[in-house]
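Novice: Sharing a structure, written as structure tokens. Questions coming.
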Amino acid sequence: IGVRLVGSEMCIRDSLSIDHRGLRVGAPRRATLNEVESLILRHGGWVAKKLDEWRTRRRPEPLKIVDGVRLPMLGESLHIRLALGSNRAVWNEQADPILTLCLRSPGDASRLLEKALREKSRRLFAERLDHFAERLGLAVPPLTLSAARTRWGSCSHHGGISLNWRLILMPLPVVDYVVAHELAHLKEMNHSPRFWSVVEQLCPDWRERRLELRQLARQIPQI
């Protein structure tokens, strides 16, 4: 348990936070140890539940890139093939999507796979941004790719949108939800009811897609 000293008043639920380091308590400098303990005891059920969730939460193992391995992509199963070559990626999406990594060395596989998926995600995201921006009567915003572990998208005050390239590993409706969410911020830079009405205009089933995103985020392979 860590005790973190913050402002001048004790905030009840907001004073407790749990992450990979364990439970942390934010308390004013004049708070006594008894007051801190009392805060924890009053919210003991919530603390126990959250600590248990952290103990049982397991990150997926890093993907072992071998010939024939499969990984999810846009709701399908992408078949990865390895071959000798000059470090280039060759897509075959006629039926069962196949990505062949032509490698100088097996050690280049991870970098080449990520590069190929980033390029594909950029093309897809640009297409979906164009599609939804037109429906909102907006100019297509500048797009950047991110590699954040816990954030799937963001919208800057300057109107640029950043999307996590790993979204390519999720079904297209989930991708569309994240795109719609970030575009809606160009109309409402908040999470007010007006904001969610814009999201719903673009993605009527956003509640289901948001839940699906949260569930899949714990399952997608680490590349």
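Novice: Within 10 Å, count the other beta carbons around each residue, average over each peptide in 130-137, 202-209, 165-172, 91-98, and list them highest first.
Specialist: 165-172, 202-209, 130-137, 91-98
Novice: Rounded, prolate or oblate: which fits region 42-182 when a ≥ b ≥ c are the square roots of the eigenvalues of the alpha-carbon gyration tensor, with rounded for a/c under 1.5 and prolate only if a/b beats b/c? Let's see the in-between values first.
Specialist: Values: a/c = 2.23, a/b = 1.18, b/c = 1.90.
Oblate shape, in that a/c is at least 1.5 and b/c is the bigger or equal ratio.
Novice: So, in nm, how far is label residue 102 from label residue 40 when the simple model puts each one 7 Å beyond its Cα toward the Cβ?
Specialist: With each label point 7 Å from Cα toward Cβ, the separation is 6.1 nm.
Novice: At 1.4 Å probe size, with no ligands or nucleic acids counted, give the accessible surface of residue 77 in Å², nearest ten.
Specialist: Residue 77 has an accessible surface of roughly 50 Å² with all protein chains in place.
Novice: Counting Lys and Arg as +1 and Asp and Glu as -1, each charge on the Cβ, what is the dipole of region 88-167 about the Cα centre in debye, to the nearest 20?
Specialist: 320 debye
Novice: Under the rule of at least 5 residues apart or a separate chain, name every residue whose amide H is placed under 5 Å from the amide H of residue 88.
Specialist: Excluding prolines and chain starts, which carry no amide H, the hits are 102.
Novice: Per the Kirkwood definition applied to all pairs of different Cα atoms, how many angstroms is the hydrodynamic radius of region 62-128?
Specialist: 12.3 Å
Novice: So, one more: Run the simple label-point estimate for residue 119 and residue 210 please: 7 Å along Cα→C-beta, distance reported in nm.
Specialist: 3.6 nm
Novice: Taking every DSSP beta bridge that has both residues in region 75-134, what percent is antiparallel when rounded to the nearest 5?
Specialist: Expressed as a percentage, antiparallel bridges in region 75-134 total about 45.
Novice: How much length is gained if the chain between residue 76 and residue 61 is pulled fully straight, taking 0.36 nm per residue apart and subtracting their Cα-Cα distance, in nm to one decimal? Please report the intermediate quantities before stating the final value.
Specialist: Details: separation 15, 0.36 × 15 = 5.40 nm, distance 2.01 nm.
That works out to 3.4 nm of additional length.
Novice: Please report the net charge: other residues with Cβ closer than 12 Å to the Cβ of residue 106, K and R +1, D and E -1.
Specialist: Counting the neighbours of residue 106, the net charge comes to +1.
The values are calculated or read from the model by the stated rules, or taken from the named source; none is laboratory data. Given the structure is predicted, the values throughout are model-derived calculations rather than measurements. We place every Cβ from the backbone using ideal geometry, glycine too, and count neighbours over all the protein chains shown. Quick note on the areas: whole protein, heavy atoms, side chains included, nothing else; ligands and nucleic acids left out. Shrake-Rupley method; radii C 1.70, N 1.55, O 1.52, S 1.80 Å.
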